[in-house]
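Reading through the structure tokens given below for one structure.
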Amino acid sequence: MFTGIIKGIGTVTEIKRISDTAKLQISTDLTGQINSQIGDSISVDGVCLTITKLDNQGFTVDVMPETVHRTNISKYVVNRKVDLEPALLASDRLDGHFVLGHVDCTSTVISRHQDENALVISFSLPEKYKDYVVEKGSVSVDGVSLTVVDAINNTFSVSLIPHTMDQTVLGDLMVNDVVNIETDVLGKYIVNKAKEKLK
């Protein structure tokens, strides 16, 4: 379980791909700060992964085929910057929203523009998931908890304050970049139950 409040930015230093699997080595000083251990969960760009190797310079994770197919990890290259968040402790503040690290789909940046001190980014959204993204609802984009500014047809927009741009990699997104999307799990349950009643 995560909150979508990013705690650090890492760098992908090594990628080993075998068929549809991958092993990633990520450089960061975050693991030392939070006393991570082998077997702990960590969110990498919104993807919940298990730490399999650990040292003061970073950590290693294994990625299974389902995750490679569902996320943007297949597009990773060495030196890519990634958003990181360790798993939530029971004693932690509950900022952001409940994020499971179970990515629903990938999405493409379709536009970005400055709105005074904020950067507004719009994304495409697969038809299958449009009912789960609503105006002023929560959404996770590359693991970052954000509020939806608007949701129109198969697109939605978010607005980034300077702090979010400084503390995450979202401010570097450009048109046609691909991101990981996790819709609000509470919203998914509500929408699915409502659909069942209409059958």
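The values are calculated or read from the model by the stated rules, or taken from the named source; none is laboratory data. Every value quoted in this text rests on a predicted model; they were computed, and no experiment measured them. In this analysis, Cβ positions are derived from the backbone assuming ideal geometry, glycine residues included, and neighbour counts consider all displayed protein chains.
Here is how the numbers come out for the structure above:
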read-out: Among residues of region 10-29, those that are in a strand (DSSP E or B), more than 15 Å from residue 69 (Cβ to Cβ) and either of a type in the set (Gly, Ala, Ser) or at pLDDT below 95 (or both), counted; value: 2
read-out: Tally, over region 151-169, of residues that are out of contact with any helix residue (DSSP H, G or I) (no Cβ under 8 Å at 6 or more places or on another chain) and outside any strand (DSSP E or B); value: 7
read-out: Total residues in region 10-50, condition under 20 Å from residue 166 (Cα atoms) and within 12 Å of the chain's Cα centre (by Cα); value: 4
read-out: Only listed residue being surrounded by fewer than 18 Cβ atoms within 10 Å (Cβ to Cβ) and over 18 Å from residue 179 (Cα atoms), chosen from 28, 13; value: 13
read-out: Pairs, first in the same structural domain as residue 138 (by TED's automatic domain parsing) in region 157-169, second hydroxyl-bearing (Ser, Thr, Tyr) and surrounded by fewer than 16 Cβ atoms within 10 Å (Cβ to Cβ), C-beta under 9 Å, six or more apart; value: 157/111; 158/147; 159/147
read-out: Among (1) farther than 22 Å from residue 2 by Cβ; (2) within 17 Å of the chain's Cα centre (by Cα); (3) small (Gly, Ala, Ser) - the single one residue 118 does not satisfy; value: (2)
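For (1) part of a loop (DSSP other than H, G, I, E, B); (2) modelled with pLDDT under 95; (3) among the hydroxyl-bearing types (Ser, Thr, Tyr), each residue gets a yes or a no:
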residue	(1), (2), (3)
54	no, yes, no
60	no, no, yes
68	no, no, no
91	yes, yes, yes
103	yes, no, no
106	no, no, yes
110	no, no, no
149	no, no, no
